[in-house]
Amino acid sequence: MEARESALNSDKKPAATIRVEKRMNGRWAFVLTYRGVTYPAQGQFGSELQAQAAAEAAMKLLERRG
């Protein structure tokens, strides 16, 4: 499992945290926490790198929304 944090918000806490996890079936998924809201595990990716890339894309979409 790998965790990544984005830029700090005004409380000096990360605005977003990404966790990449290997599921029991051997596939990879990510859990995204953005501004205190945790989104459920997403994806059935074949590699950890694919899950990381998808998580980064999802985080960027959320950041654009504001």
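Fewest first, what order do V31, V20 take by the number of other Cβ atoms within 10 Å?
Ordered from fewest to most neighbouring Cβ atoms within 10 Å, V31, V20 come out as V31, V20.
As a footprinting exposure proxy, order L62, L32 by other Cβ within 10 Å, with the fewest listed first.
L62, L32
No value in this document is a laboratory result; all are computed from the given coordinates. Just so it is clear, the structure is predicted and the values come from calculations on it, not from any experiment. Reconstructed Cβ throughout: ideal geometry from the backbone, glycine too, with neighbour counts over all protein chains shown.
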